[in-house]
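The values are calculated or read from the model by the stated rules, or taken from the named source; none is laboratory data. Quick caveat: nothing in here was measured; it's all calculated off a predicted structure. Neighbour counts run over all protein chains shown; Cβ positions are idealised from the backbone, glycine included.
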Amino acid sequence: MRQARHDGSLEVSAPSNGRPAPPGPYLLFIVNTSGVPSEAKIVTLSP
């Protein structure tokens, strides 16, 4: 997945085909350089 940081936010682009993650709700975790995950956020992938 591509990612870009902008003024305190993170933009992520999912792969163009839906095989790795079909549309629907997911829990998104960000992991820091020490391997510690953030609190999860619910995100919805749409086609």
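Worth pointing out:
- Every residue from region 1-29 that is within 12 Å of the chain's Cα centre (by Cα) and at pLDDT 90 or above: Pro25, Tyr26, Leu27, Leu28, Phe29
- Scanning region 22-36 for residues that are surrounded by 10 or more Cβ atoms within 10 Å (Cβ to Cβ) and in contact with a strand residue (DSSP E or B) (Cβ under 6 Å, 6 or more places away or on another chain) yields a total of 4.
- Subset tally (residues that are farther than 21 Å from Gly8 by Cα and not small (Gly, Ala, Ser)) for region 24-47: 4
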